[in-house]
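The values are calculated or read from the model by the stated rules, or taken from the named source; none is laboratory data. Every value quoted in this text rests on a predicted model; they were computed, and no experiment measured them. Neighbour counts are summed over all protein chains in view; Cβ atoms, including those assigned to glycine, are modelled from backbone coordinates with ideal geometry. Just the protein is used for accessible areas: all its heavy atoms, side chains included, with ligands, DNA and RNA removed. Shrake-Rupley method; radii C 1.70, N 1.55, O 1.52, S 1.80 Å.
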Amino acid sequence: MPTSLRSPPSFRPSSGSSGGAQTPNTPSWKGWVILAVLLAGFAVLRNTALQEDEYPEVSYSQFYGLLEKHKVHSAVLKGQKLIGRLNSDQSVDGKTIHRFRTMVPEQGDQDLIPLMRKQGVDLTVSSEEQPLLVQLLMAVLPWALIIGLWVWISRRAQRMMGPGGALGGVLKGRTRRFEKESEVAVRFDDVAGLGAAKKDLTEIVEFLKEPARFRRLGGKVPRGVLLVGPPGTGKTLLARAVAGESGVPFFSINGSEFIELFVGVGASRVRELFEEAKKVAPAIVFIDEIDAVGRSRGAGLGGGHDEREQTLNQLLSEMDGFSRNDLTIVLAATNRPDVLDAALLRPGRFDRRVVIDRPELPARQAILEVHTKEIPLGTDVGLRRIAGNTPGFSGADLANLVNEAALNATRRGADAVESQDFTAAYDKIVLGDPRETKLDPMEKNRVAIHEAGHAIASHFTPDAEPLQRVTILPRGMALGVTQFTPAGDRHIMTKAELEAKLQVLLGGYAAERLVFGDTASGAENDLQRATEIAFKMVAHFGMSDALGPVFHEHKTEHPFLGQRLAVEGATSDATVHAIEQETRVILTEAAAAAGRTLERHRAELDRLVEALMAEETIEQEALDKLLGPRPAGGRRASLLPPAQPGIN
């Protein structure tokens, strides 16, 4: 992957992206005073109503007895409730009381009023209903409190949702804005390779700087550019270079930052982002990992009201709506273009798709030169050789390779990074760290025979890749490894080369059958990878006479519904069975061919096994001496990164 060669400085958000902080308004003191008065009035009324209930209650018979004994001084009659006061403290049921309350019969007592007159009791009869003012307050006060609380909560929420509030940051988003070229130190010259991609983006940068020159003949700049490529190939880095070169306001945001807990926040952020960009147009909006928000609609479980779909709908509208601003260009990056919604990819939204693939040999060498610019290298280090041994590495992989090599040299206490450090770093990245597993002699011998089988099949099979190293030291998930030297960057493979690759993959399996008469579980990875290649030869590459030049694909199962989906052009069960049968034939023939090669070179196999048991690791030069010259064959190529075949 053509990648930039220098670790870019971190983006510094400008002050324009976050909005000015706003101090919340202090609530008016009058509101607090009104609230306090209402609460005090309610408390007084409530206390008055409850005061009567605090008097001790006596039975009507006891009250009547006290009345007959001239003990009652005065009384207040409210309906059935009677509140009385005694002449002096009296003991009733063991309690000393001065005031009391009781309930009179519902129909009244005809003898009660005459008796009270006779005893000289000061009687007051009043209505049981509360005064009109009290009733009004009791009716209005609860609603006043509820409405006041609602108003207070509304104002509080408004302040929180504002730019300076607690939720303002959630709604505002995390868009980073760059106004000046000096704010980003990355330029196109800092990106190795990617010539076609840089040409497309340079054209857009020039259009934004001089729109009149492009419009002279009626040309229009693409409204959107989609950067597509595997992870680590430099898509985000290239966008940073655009930010450094453009000289126009550059807005950067990650696709996942549109999605939040609250429904509607994503669409709001999209509107806000494009509104800011249109105000300062011409401008560039960069959305990294756009597949987080741009996935095909209708595939989720949330239906049309799903938050992600609402955000996508808003994005589609902003990119090509009635008020579309041609001077606002959208730049997006993704490594999953297959999951993006079709409406997002149509012309008028993303007009141009820029593919950023893994770097070729010259680009890999240039990337290594940039990453080793400040690293002292030993005299035995050849960057072109390292680049040639790392096909399939992305720019990020190469940067990691250089870093691991520097760390390995530091652990050795060396003053420079030497070739052995790059070899150790390559092994650590591709194969993993050495394991502490100690194999018993029988297992070690079986692993040696298995890896020797891969090596013999590779060395004596035309069209196979040449050997680089064979080891039986456990690393990562493998008990042994056979590595091959890539002949260069290749993009297609012939049928003969694929058949040779199958023979090499099944060489370990055939060696175990030849020596032991049976096989072990260590061949699982070889069988899996060989089956994948053979299946593609039959179903995808048209390399089977039985099936013919037709592309077939298995039916897939829905990950949520657990049912098969009837897709257009789905392969029938009969055809799938035929593909499986033909795949089995190809694998059986490859294993037989590998077995015949091993039988013809049994002496070389035994010598290599003996050497592996003694030295555990044998490099390329020693392998050439042990096995002799390779037979003449066709082209040697590899679509896969080195050190993959033969890992068990």
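Of the candidates Gly266, Gly304, Gly300, the single residue that is modelled with pLDDT under 80, in contact with a Ser or Thr (Cβ under 6 Å, 6 or more places away or on another chain) and within 18 Å of Leu344 (Cβ to Cβ) is Gly266. Against the test of being farther than 28 Å from Arg364 by Cβ, among the small types (Gly, Ala, Ser) and surrounded by fewer than 18 Cβ atoms within 10 Å (Cβ to Cβ), the options Gly218, Gly255 yield a single qualifying residue, Gly218. Filter segment 456-475 for residues that are assigned to a loop (DSSP other than H, G, I, E, B), closer than 17 Å to Arg435 by Cα and either touching a residue at least 60 places away in the same chain (Cβ under 8 Å) or open to solvent by 30 Å² or more (accessible area, probe 1.4 Å) (or both) and give the result. Answer for segment 456-475, where residues must be assigned to a loop (DSSP other than H, G, I, E, B), closer than 17 Å to Arg435 by Cα and either touching a residue at least 60 places away in the same chain (Cβ under 8 Å) or open to solvent by 30 Å² or more (accessible area, probe 1.4 Å) (or both): Ile472, Leu473.
Within segment 356-384, residues that are at negative phi sit with their Cβ atoms under 6 Å from residues that are of a type in the set (Lys, Arg) and in a helix (DSSP H, G or I), at 6+ positions apart or across chains, in these pairs: Ile356/Lys235; Gln365/Arg384. The set of residues in segment 189-212 that are under 22 Å from Ala283 (Cβ atoms), at pLDDT below 80, touching a helix residue (DSSP H, G or I) at 6+ places or on another chain (Cβ under 8 Å) and open to solvent by 20 Å² or more (accessible area, probe 1.4 Å) contains only Lys209. When each of Gly388, Gly382, Gly453, Gly413 is tested for being open to solvent by less than 10 Å² (accessible area, probe 1.4 Å) and either under 30 Å from Ile356 (Cβ atoms) or more than 30 Å from the chain's Cα centre (by Cα) (or both), the lone residue that passes is Gly453.
Restricting Pro230, Pro163 to those that are at pLDDT 65 or above and outside any helix (DSSP H, G or I) reduces the list to Pro230. When segment 591-634 is filtered for residues that are at pLDDT below 90, over 49 Å from the mean Cα position of the chain (by Cα), assigned to a helix (DSSP H, G or I) and not hydrophobic (A, V, I, L, M, F, W, C), only Lys625 remains.
How about segment 421-442: which of its residues are free of Cβ contacts under 8 Å to residues at least 12 places away in the same chain, assigned to a helix (DSSP H, G or I) and of a type outside the set (A, V, I, L, M, F, W, C)?
Answer for segment 421-442, where residues must be free of Cβ contacts under 8 Å to residues at least 12 places away in the same chain, assigned to a helix (DSSP H, G or I) and of a type outside the set (A, V, I, L, M, F, W, C): Thr423, Pro441.
Note on segment 316-339: residues that are within 10 Å of Ile290 (Cβ to Cβ) and modelled with pLDDT under 80 amount to 0.
Return yes or no: is Lys30 modelled with pLDDT under 70, open to solvent by 60 Å² or more (accessible area, probe 1.4 Å) and of a type in the set (Lys, Arg)? It is true that Lys30 is modelled with pLDDT under 70, open to solvent by 60 Å² or more (accessible area, probe 1.4 Å) and of a type in the set (Lys, Arg).
The residues of segment 492-544 that are outside any helix (DSSP H, G or I) and open to solvent by 10 Å² or more (accessible area, probe 1.4 Å), listed by number, are Ile492, Met493, Thr494, Gly517, Asp518, Thr519, Ala520, His540, Phe541, Gly542, Met543.
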